[in-house]
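The values are calculated or read from the model by the stated rules, or taken from the named source; none is laboratory data. All of these numbers come straight from a predicted model, not from anything done at the bench. In this analysis, Cβ positions are derived from the backbone assuming ideal geometry, glycine residues included, and neighbour counts consider all displayed protein chains.
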Amino acid sequence: MRSTRESPLPGALAAESDVAEQFETLMSLEEKSYLFWNWINTTFSFYIFVDYLIFKSLSHWYSNERIGISCLFPASWHFSISPVGCPRILNTNLRQIIVISLLAAAVSLLYFSVVIIRNKYGRLSKDKKFQRYLARVTDIEATDTNNPNVNYGIVVDCGSSGSRIFVYCWPRHNGNPHDLLDIRQMRDKNRKPVVMKIKPGISEFATSPEKVSDYISPLLNFAAEHVPRAKHKETPLYILCTAGMRILPESQQKAILEDLLTDIPVHFDFLFSDSHAEVISGKQEGVYAWIGINFVLGRFEHIEDDDEAVVEVNIPGSESSEAILRKRTAGILDMGGVSTQIAYEVPKTVSFASSQQEEVAKNLLAEFNLGCDIHQTEHVYRVYVATFLGFGGNAARQRYEDRIFASTVQKNRLLGKQTGLTPDTPYLDPCLPLDIKDEIQQNGQTLYLRGTGDFDLCRETIQPFMNKTNETQTSLNGVYQPPIHFQNSEFYGFSEFYYCTEDVLRMGGDYDATAFTRAAKDYCATKWSILRERFDRGLYASHADLHRLKYQCFKSAWMFEVFHRGFSFPVNYRNLKTALQVYDKEVQWTLGAILYRTRFLPLRDIQQETFRASHAHWRGFSFVYNHYLFSGCFLVVLLAILLYLLRLRRIHRRAPRSGSAAAVWLEEGLPSQKIAGTL
């Protein structure tokens, strides 16, 4: 059995040596901030020095009636100005007002400059989270392919019905080992996502593996046209195969992968090693989907607001037994046509009821580190992933029809009845809308159905299909399920969870079990003719068709039972959101794949940032020193001005109150010739 501490994503470690050496270093935000504040300090210090010289000159005018400018210019430029010829308006009181006004203006200028700067950067800090989320929501701008600091990655999803290629891009890492790469989907010049799909699925070439490279070449040519040529050699390419390839024998899987690994490097310069092409398990696919959803939701980022939902986590494999607080991640529920999948983080260390249950749990729990440093445990997660084949909406209906067909035929044989054998004696199906007619055909026989629209009876009828057992901590089919802390959890329901609540019932979004059951009962009990009339009038979702209307009653009951009885969510659980997209974007598991497999790429940037920080102790000292110097200069100048004013006030108080007429006239600012005449 695979250990719970084993990475569910083999081969990703090769990315460290392949790509980490390709990126250059940029000036960090801390350096820019340091230079900016140094500039601010120097500028303000110069302003204070100039203000000091001005105040000194004005004080000389006030006391000695002459302005000495010698301190501001070379010796050959020394001169002075006598106020005798100045207008009368510039009297002593006005000069005092000017001095005080200049002082107030300087202090006000300094104060408001600091306030404006603080407010500006304070708002930027407070709005950082909002801007980050807004960037994801409004991420519709064309990717700047001329920017050399933008990096690229390619993921090919080889599914059962076709293959799709996704091109992702991200800016340089900021050098903080606690942050992940900011990966987003590349957009072309028309702002459309760079995505392409081809058919059939890659598994169709099981008997002719030599043709696989030609089959996938159109996808790679498409990517090569969008990724700048200069970036090809440092752009990682991952070819990941899912359900279609899993069902092939191992020998055929190996032959297909060998052809890809041999031919692709010959024709394309992408970074493509042996570990970049593989068949991934359903567990890996579920983990990637969980990573992608939580990355878009911002759940891997730091806690910045007090009102953010947090959870206590026991780090898997950590030597410390103390729990840490970090953002609460979201679980995902995905019900497709064939299977249903659940994935969520298990923050606490789990216990098992038996050794057999522990062995089963090892295959369902994945422990992995999303961080680039294996010694850092901040981004270590323990995620439970379980996939249940046959529990999708369409597969469940097929199982249900098989059961009622077999049981009805057997009862007719034993009891001599004719139920369902003619349209006049149909089998009454509680899971179909009222009065609708349907048929089941098997082995050349036809079973006629008529709906009774009984939602509660339908739920009761399908409960045995959950295959629940009496063991503790189990879900569908008796599979082990770790406990969920329902009071502090959040889940997103995709695919059938969204279609069942939104397409017909128009209740997508926040899930309310009481309102949902009420709406489902009303729908099931409505006559089919009325439902058809509503459909013709366009009252349902645009993509809802008659197939959806016919089986909406059954699928509503099935979704309800899987969620509440199968996965044991309480009826009053209010933290389920049914959705088709996250932030108006369809999130693919390939986003989680590229995020996990490129997690070592920031190593070079972080090492350079660490080196820069280790030699930057003088910057911190200079930063603090300049702040103290700035404050000291300001206080010294302010104290000097106050002392000067006090000294001048004391001098004028000592002067005789009765002066000569010439002194009086002189104080009044009269011209010199009038003073001489008076004398």
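Conditions tested, residue by residue: (1) part of a loop (DSSP other than H, G, I, E, B); (2) farther than 24 Å from Pro347 by Cα; (3) among the basic types (Lys, Arg).
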| site | (1), (2), (3) |
| --- | --- |
| Glu471 | yes, no, no |
| Thr501 | no, yes, no |
| Ala515 | no, yes, no |
| Ile530 | no, yes, no |
| Tyr551 | no, yes, no |
| Trp558 | no, yes, no |
| Leu580 | yes, yes, no |
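Testing Tyr511 on (1) surrounded by 16 or more Cβ atoms within 10 Å (Cβ to Cβ); (2) closer than 29 Å to Phe405 by Cβ, one condition comes back false. Which one is that?
Failing condition for Tyr511: (2).
Quick check on Val287: is it not assigned by the TED database to the domain that holds Cys169 and not charged (D, E, K, R)?
yes
For the subset of the range 246-292 comprising residues that are small (Gly, Ala, Ser) and in contact (Cβ under 8 Å) with a residue 60 or more places away in the chain, which member is surrounded by the most Cβ atoms within 10 Å (Cβ to Cβ)?
Gly286
Listed here are the residues, each with its yes/no results for (1) more than 17 Å from Leu591 (Cβ to Cβ); (2) of a type outside the set (D, E, K, R); (3) not in a loop (DSSP other than H, G, I, E, B).
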{"site": "Ile165", "(1), (2), (3)": "no, yes, yes"}
{"site": "Tyr168", "(1), (2), (3)": "no, yes, yes"}
{"site": "Gly175", "(1), (2), (3)": "yes, yes, no"}
{"site": "His178", "(1), (2), (3)": "yes, yes, no"}
{"site": "Leu181", "(1), (2), (3)": "no, yes, no"}
{"site": "Asn190", "(1), (2), (3)": "yes, yes, no"}
{"site": "Met196", "(1), (2), (3)": "no, yes, yes"}
{"site": "Pro200", "(1), (2), (3)": "yes, yes, no"}
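Counting just the residues of the range 364-385 that are aliphatic (A, V, I, L, M) and modelled with pLDDT of 95 or more, which one comes out surrounded by the fewest Cβ atoms within 10 Å (Cβ to Cβ)?
Step by step, filter the range 364-385, then rank; the result is Val383.
Considering the range 435-452 alone, what residues qualify as being of a type in the set (Gly, Ala, Ser) and surrounded by 12 or more Cβ atoms within 10 Å (Cβ to Cβ)?
Hit for the range 435-452 is Gly451, nothing else.
Of the residues Leu457, Leu432, which is touching a residue at least 24 places away in the same chain (Cβ under 8 Å), crowded, with 20+ Cβ neighbours inside 10 Å and either outside any strand (DSSP E or B) or among the acidic types (Asp, Glu) (or both)?
The conditions single out Leu432.
Can you find a residue in the range 224-242 that is assigned by the TED database to the domain that holds His267, modelled with pLDDT under 95 and of a type in the set (S, T, N, Q)?
yes
Among (1) within 28 Å of Asp545 (Cα to Cα); (2) aromatic (Phe, Trp, Tyr); (3) loosely packed, with under 15 Cβ neighbours inside 10 Å, there is one condition Tyr492 misses while meeting the rest; what is its number?
(3)
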